[in-house]
Structures are given as structure tokens and as C-alpha cells.
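Read the structure below first, then the notes.
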Amino acid sequence: MQVNIIDHPLIQHKLTIMRKKETSSADFRKLLEEITMLMGYEATRDLPLEDVEIETPIQKTVGKRLTGKKIAIVPVLRAGFGMVQGLLDLIPSARIGVIGLYRDPETLKPVEYYCKLPNIENRSFIIVDPMLATGGSSVAAIQMLKDRGVKDIRLMCLVAAPEGVDTVNKAHPDVKIYTAAVDECLNEHGYIVPGLGDAGDRIFGTK
Ligand SMILES: O=P(O)(O)OC[C@H]1O[C@H](OP(=O)(O)OP(=O)(O)O)[C@H](O)[C@@H]1O
Ligand SMILES: O=c1cc[nH]c(=O)[nH]1
Ligand SMILES: [Mg+2]
């Protein structure tokens, strides 16, 4: 199982509050934004830097700046929407793409309904979706990017099931997965156990 688990104590503490069934939508959204920002540090750790000459008030020196690839954040609707602002706080100049997918409740297969991406040239794409359950939605989202020519793709989620990680690893071994937790398993309805329920419903206050 190839996965980067970002389990800083602050992240684990906040995730526990998100899991609690009595946590309000307002708190759930805020915590998701905060955790995404914390995870963003690790998920962007390998971004390339270049030297740049600058002048401080004291003297000339050489500093570092990000170089090469630009970033795009791609939320998988709806739940991925809750992870956009946290990453934007870190990378304000990132472009944003949108993928519309939902999981059919009977078949658990992903159903695509929207895709709009920024210019893909020389750009790293970070797909965000809090839940990686069977992996069907993430595999489809990654494929949608690849079909449009995107080469550099990372997947950032919040809670993953081992089954979902394996499925994404097998279908897209080139895509690095970042998550705050890998839970125990899936239940008979395809929900992550113990998980946090339906992330989309908890963010949007539906159901
Ligand atoms: O790994 P999978 O088994 O495919 O399940 C994960 C997907 O399910 C959820 O979306 P959902 O279908 O509930 O749509 P929503 O975000 O609009 O609620 C979640 O946000 C993922 O996209
Ligand atoms: O546990 C799960 C599984 C899929 N989608 C969710 O929102 N939660
Ligand atoms: Mg949902």
C-alpha cells in the first residue's frame, strides 16, 4: 500500500472532532479547511526551488523561490469543495479546476457530470476529495485528468480505506496519495469504518 499518512498531532486532534457525529457543519467545514492547510505543507514539500538574487535593507543576497511547475487544485464535487480554501491559503496563485462526480448509491460506481480544467501546460495538479472509500471516484477523477493530457497528479484526501488506497495504487501507480488517516475497512454500503459519515452531507448540511 503506497500512501503518505500525514498524522501530525494537530491533524489527529482536529480529525477526531470532525469524526464526532455531533460536530456541526460549521465546525466540520472549518476543521476541514485547517487540516487541508496543514496537510498542504507535506503534500508540497518536493516543489522545486531556484536561486534568486535579492537585496535586503542590509545587503545583496541569494534567496529561494518556487520554480518550474505551477499548481492547480482540483476539487471533486461536492465534498472536495471543502478542501480548496485550505490549499489556496498556502498557494494563493494556484489555478482551480473542477471535477463533478458522484458515487451511485446502488452500484457504488462513479458517475461523471462535469470537468473544467485550467491550462495544463507545465502544471502540477492536486486532486482534493476528503473521502477515498472504494477508490472508484478517485480512479475516475485521475483518469479524467490524464485523458486531458495532465501528467503530474497528486491525490489529497482526509480519510482513506485500505481498499481505496489499493485500488488507486493499482490503477494509477504514478499518483502519490496523501491522507490524514487510513481507517479499518468499508461497510456493506461502501462507507469508511469508522470514518466520519458522508463528507458531502456534513459539509453542505444535506440529509
Ligand atoms: O471512493 P468511492 O467509493 O468512490 O467514494 C468516495 C466518494 O464518495 C463521496 O462523494 P459522493 O458520491 O458522496 O458525492 P458528494 O461529494 O456529492 O456527496 C466522496 O466525496 C468521494 O468522492
Ligand atoms: O465513508 C464515506 C464513503 C464515501 N463517501 C463519503 O462521504 N463517506
Ligand atoms: Mg456524499
> For the chain, what does the equivalent ellipsoid look like in terms of its semi-axes, each the square root of 5 times an eigenvalue of the Cα gyration tensor, given largest first in whole Å?
Replying inline: 30, 20, 15
> Using alpha-carbon positions, what is the distance between the centroids of segment 5-33 and segment 74-103, in Å?
Replying inline: 18
> What pairs in LYS116/LYS151; LYS14/LYS69; LYS30/LYS69 have C-alpha atoms more than 22 Å from each other?
Replying inline: LYS14/LYS69; LYS30/LYS69
>> Given 10 °C and 1.306 mPa s, compute D for segment 1-58 with the Stokes-Einstein relation, Rh being the Kirkwood radius over Cα pairs; round to the nearest whole µm²/s.
In response: 112
> What's the longest bit of the chain with no exposed GluC sites (Glu not before Pro), using DSSP loop states and at most 14 other Cβ atoms within 10 Å as the test?
Replying inline: 23-105
>> Can you compute the label reach from TYR114? Point 7 Å from Cα along the Cβ direction, backbone N cut-off under 18 Å, restricted to segment 191-207.
In response: 199-206
>> Apply the Karplus curve 6.51 cos²θ - 1.76 cosθ + 1.60, θ = phi - 60°, to the phi angles in segment 48-55 and return the couplings in whole Hz, x for Gly and Pro.
In response: x, 10, 9, 6, 9, 7, 9, 10
> Once amide H atoms are built 1.01 Å from N in the peptide plane, which residues 5 or more positions from CYS115, or in another chain, come under 5 Å H to H?
Replying inline: GLY100
> Given a 1.4 Å probe and every protein chain left where it sits, what share in percent of the accessible area of segment 1-202 is carbon and sulfur?
Replying inline: 52
>> Please report the antiparallel percentage of the DSSP beta bridges confined to the chain, to the nearest 5.
In response: 40
> Tell me, in nm to one decimal, what length is gained between TYR191 and LYS151 on full extension, where the rule is 0.36 nm per residue of separation less the Cα-Cα distance?
Replying inline: 11.4 nm
> Of ASP147, ASP183, ASP27, which is the most mobile in a GNM of the chain whose springs link Cα atoms less than 10 angstrom apart?
Replying inline: ASP147
>> In whole Hz and in residue order, list the ³J(HN,Hα) couplings for segment 130-135 that follow from phi through the Karplus curve 6.51 cos²θ - 1.76 cosθ + 1.60, θ = phi - 60°; x for Gly and Pro.
In response: x, 10, 10, 9, 6, x
> With Cβ to Cβ distances under 14 Å as the rule, what net charge do the other residues near LEU47 carry (K, R +1; D, E -1)?
Replying inline: +4
>> Please list, in order, the residues from segment 11-32 whose amide nitrogen is less than 18 Å from a point placed 7 Å along the Cα→Cβ vector of THR206.
In response: 25-26, 28-29
>> Under 10 Å, Cα contacts only: if you run a Gaussian network model on the chain, which one of LEU88, LEU158, LEU47 comes out with the highest mean-square fluctuation?
In response: LEU47
>> Output wanted: per-residue J couplings in Hz (rounded whole) for segment 187-199, from phi through Karplus 6.51 cos²θ - 1.76 cosθ + 1.60, θ = phi - 60°, x for Gly and Pro.
In response: 8, 5, 9, x, 8, 6, 10, x, x, 8, x, 8, 4
> Given H placed 1.01 Å from N in the peptide plane, which residues other than close sequence neighbours of LYS176 have an amide H under 5 Å from its amide H?
Replying inline: LEU155
> In what sequence, highest mean first, do 1-14, 169-182, 124-137 appear when ranked by Cβ atoms within 10 angstrom?
Replying inline: 124-137, 169-182, 1-14
>> For a quick check: with amide H placed at 1.01 Å from N, whose amide H comes under 5 Å from VAL74's, ignoring anything fewer than 5 positions away on the same chain?
In response: GLY97, ILE126, ILE127, VAL128
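The values are calculated or read from the model by the stated rules, or taken from the named source; none is laboratory data. Only a predicted model underlies this, so the values are computations on that prediction, with no experimental measurement involved. As a convention, Cβ positions derive from the backbone with ideal geometry for all residues, glycine included, and neighbour counts pool all protein chains shown. Heavy atoms of the whole protein, side chains included, go into the accessibility calculation; ligands, DNA and RNA do not. Shrake-Rupley method; radii C 1.70, N 1.55, O 1.52, S 1.80 Å.
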